[in-house]
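What follows is a single structure, written as structure tokens, with notes after it.
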Amino acid sequence: MPTVTVLPHPEYAPDGASFQVDSVASVCDALLDHGVDIEHACGKVGACTTCHVIIRKGLDSLNVPSENEEDMLDMAWGLQAQSRLSCQAIVSADDLVVEIPKYSINHAKENT
């Protein structure tokens, strides 16, 4: 089972986190299942960027991003070459190091 290490984030993982996951879960589901309550405003269908993460280790082990995911990522805050929508990135057998960006674009949350 691969290990997912989450780098510290002031809101979602103040002390960071590390856990093992099934290699068929999305990164988003793995985070949520282990108490890292990352935003996922579109219901995990890849229609927003609120679950944007940066994969610091293990990027090449994930499934190839779809054209739709790449189009959505173009709108993400803090886009980097290692960026993925966590709801679309499927964990494989390799360990991952995940960074959650400081900000996300969540129009529903911003309007409340």
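In summary, Ile90 fulfils each of the numbered conditions (1) closer than 26 Å to Met1 by Cα; (2) of a type in the set (Val, Ile, Thr); (3) at pLDDT below 95 with the single exception of condition (3).
Yes/no matrix, rows are residues, columns are (1) buried (at least 18 other Cβ atoms within 10 Å of the Cβ); (2) part of a strand (DSSP E or B); (3) of a type in the set (Phe, Trp, Tyr):
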position: Asp37; (1), (2), (3): no, no, no
position: Val45; (1), (2), (3): no, no, no
position: Val53; (1), (2), (3): yes, yes, no
position: Arg56; (1), (2), (3): no, yes, no
position: Val64; (1), (2), (3): no, no, no
position: Gly78; (1), (2), (3): no, no, no
position: Arg84; (1), (2), (3): yes, yes, no
position: Ser92; (1), (2), (3): no, no, no
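The single condition among (1) out of contact with any His (no Cβ under 8 Å at 6 or more places or on another chain); (2) in a loop (DSSP other than H, G, I, E, B) that Asp29 does not meet is (2). Among residues of region 31-49 that are at positive phi, those with a Cβ under 8 angstrom from a residue that is assigned to a loop (DSSP other than H, G, I, E, B), sequence gap 6+ or separate chain, pair up as Lys44/Cys51; Lys44/Cys87; Gly46/Ser66; Gly46/Cys87; Gly46/Gln88.
When residues in region 1-11 are screened for being within 21 Å of Glu69 (Cβ to Cβ) and either among the acidic types (Asp, Glu) or within 12 Å of the chain's Cα centre (by Cα) (or both), 2 of them pass. From the list Ile100, Ile54, Ile90, the one residue that fits, being touching a His at 6+ places or on another chain (Cβ under 7 Å) and among the β-branched types (Val, Ile, Thr), is Ile100. Being surrounded by fewer than 19 Cβ atoms within 10 Å (Cβ to Cβ) and assigned to a helix (DSSP H, G or I) is a property that does not hold for Glu11. Pairing residues of region 92-103 that are farther than 16 Å from Gln80 by Cα with residues that are part of a loop (DSSP other than H, G, I, E, B), at Cβ distances under 6 Å and at least 6 apart in sequence or on separate chains, gives Ser92/Ser23; Ala93/Pro2; Ala93/Ser23; Asp94/Pro2; Asp94/Gly58; Asp95/Pro2; Asp95/Gly58; Leu96/Gly58.
Is it true that Val97 is of a type in the set (Val, Ile, Thr), surrounded by 20 or more Cβ atoms within 10 Å (Cβ to Cβ) and within 17 Å of Val4 (Cβ to Cβ)? Criteria not met by Val97.
Just a yes or no: is a residue in region 1-19 touching a residue at least 12 places away in the same chain (Cβ under 8 Å) and of a type in the set (Asp, Glu)? Scanning region 1-19 turns up no residue that is touching a residue at least 12 places away in the same chain (Cβ under 8 Å) and of a type in the set (Asp, Glu).
The values are calculated or read from the model by the stated rules, or taken from the named source; none is laboratory data. It should be emphasised that the depicted structure is a prediction, and the values quoted were computed from it without experimental measurement. Glycine also receives a Cβ, built like all others from the backbone with ideal geometry; neighbour counts cover every protein chain displayed.
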